[in-house]
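Down below is the structure, laid out as structure tokens.
Nothing in this text is a laboratory measurement; each read-out follows from the coordinates by a stated rule. All figures in this text were calculated on a predicted structure; none of them were measured in a lab. Cβ coordinates were reconstructed from backbone atoms using ideal geometry, including for glycine residues, and neighbour counts include every protein chain displayed.
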Amino acid sequence: MTTTEIMADLAVNGGTIVTPDAQYEASIAIKDGKILAIGEQDAMPAAQETLDATGLHILPGAIDVHVHFRDPGYPQKEDFASGTAAAAFGGVTTVFDMPNTLPAIADAKSLAEKHAIAGAKAHVDYGLYAVLGEDSLPNIGALIDAGVIGFKCYMGNTFGRIPSPTTGAMLELFEIVAPTGKRISLHAETNSIMERREARLRAMGRTDPLAHLAARPAVVATEAVARAAILAEWTGARIHILHISSTAELRPLAEAKARGVDITGETCPQYLLLSADDYEAKRGVIRVNPPVRETENQDPIWQALVDGTIDMIATDHAPHSIEEKTREDIWTVDCGFPGVETQMPLMLTEVARRQASLSDYVRWSAEKPAKCWGLYPTKGALMVGSDADLAIVDTNREWTIDDAKIQSTAKISPWHGMKATALPIHTIVRGRFAMKDRTLQDNAKGWGRSVHAIQEMPTPDVRHADQTMAAVTAPRKG
Ligand code: DOR
Ligand code: ZN
């Protein structure tokens with residue numbers, strides 16, 4: 001049977017497809033959640049439903065590898081339904097949810113509970129992270145069996161106050177995770193440096209927004225990136241540096257890559273579009289870990305994205321309530337703000353302003369995340385056989401971000417009032433509309449599913465296996 005005899009479920013006609021290498025006008029036929037055919041409209045199979053995408057760009061749905069959906073534990077901030085609705089409105093078709101919920105996701109039981117919540121509520125596909133902490137060793141195998149996308153290691157304290165493991169525990173955890181192939185994502189801020197500085201600043205009576213930045217200068221992140229890279233190099237573990245916020249982190253990142261460490265990195269819109277100059281006006285709303293830094297960090301971070309030192313864009317979507325973000329004393333303000341819904345519009349606006357290409361954007365937002373977590377080309381690609389995860393975007397639409405109108409429960413962000421020149425119009429997840437004509441589709445709730453089942457991470461080259469804690473404490477033979 002030729003493809004012309006097959007009836008597709010949906011045909012998207014007239015749009016311009018964007019891949020990491022090219023842009024071209026073509027139709028996409030979708031069947032059973034997969035891309036069935038791409039080509040001239042005349043050559044497409046007949047379809048049950050058609051969508052006219054004339055004048056719009058068709059991007060692979062973004063994969064945001066760093067969101068906090070707060071479910072279970074903090075419904076006043078967000079839950080899996082509102083968080084994934086925000087993703088759908090932002091052209092994001094897969095999210096990786098962080099484990100600093102209540103309870104924290106640190107064992108197979110809490111992970112199973114979160115899988116049940118996400119499976120019932122998600123509008124888009126998802127992966128779930130589990131904590132890698134001081135006492136995680138006995139749980140690693142069961143967590144992998146229960147379906148994690150990867151591990152999250154908090155080298156520094158942030159919301160949820162998950163204690164940071166000692167370097168000794170980190171080494172042993174890396175030794176155990178390395179042969180599993182799972183990637184370890186690091187909140188790379190060294191706790192002892194910033195706690196000491198924060199204590200000193202508080203003792204002086206500082207409560208102003210910039211005291212937050214003073215407590216966490218770039219060396220806090222840079223020392224952590226370098227240390228994590230050494231442990232990864234020693235063990236062969238795969239690692240990912242979350243939320244790169246400074247120029248200083250780029251050197252240990254680039255050097256580790258040059259040495260062959262399997263290390264990847266993300267930055268977030270806040271480190272490209274906001275700066276220390278914004279603290280006075282935005283006050284606690286801008287408080288985030290790691291902090292938004294001095295303006296001179298923005299261009300080097302952008303250049304690192306362009307040259308591939310930084311692999312991808314994520315958001316660290318970290319919703320909090322208006323009350324939690326507007327307290328006077330900066331130390332009492334919760335850290336983070338929503339971003340999953342505004343990343344694509346803001347980044348496409350920045351791509352246009354800095355004369356990068358839509359293809360670059362697709363590499364940062366979809367292809368690289370899929371490749372780094374072993375989901376490619378099922379995810380992150382517009383190819384025949386890939387999941388039909390599409391962001392259909394008007395790249396020529398001027399609008400102003402309004403916190404009151406965002407899907408996220410947290411109606412407060414530093415993005416309020418910013419102008420964007422792009423807007424996702426339709427979002428399709430495995431062939432089904434999650435968002436159509438800027439309207440959430442009711443039947444999409446619960447359609448999202450965990451992507452861990454399709455993940456393939458080949459075993460890396462494990463190093464120093466003869467010197468691991470397990471090896472040196474094994475009973476001696478003879
Ligand atoms: O500012 C932050 N908020 N940074 C993090 O790493 C965690 C996040 C949160 O969960 O609120
Ligand atoms: Zn985070």
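Within the set of other residues whose C-beta is less than 14 Å from the C-beta of SER192, count the net charge using Lys and Arg as +1 and Asp and Glu as -1. Within the 14 Å Cβ shell, the charges total +1. What is the distance in Å between the Cα centroid of the stretch 7-53 and that of the stretch 283-327? If we compute the Cα centre of each part, the gap is 36 Å.
To the nearest whole percent, what portion of all C-alpha pairs in the stretch 106-265 is separated by more than 27 angstrom?
30 percent
Taking Lys and Arg as +1 and Asp and Glu as -1, the other residues whose beta-carbon sits under 13 Å from that of ILE425 total 0. Using all pairs of distinct alpha-carbon atoms, the Kirkwood hydrodynamic radius of the chain works out to 22.6 angstrom.
Diffusion coefficient of the stretch 123-198 by Stokes-Einstein, Kirkwood radius over Cα pairs, 10 °C, 1.306 mPa s: 120 µm²/s.
Compared with the rule-of-thumb size 2.2 N^0.38 Å for a compact globular protein, the stretch 1-151 has a Cα radius of gyration ratio of 1.32.
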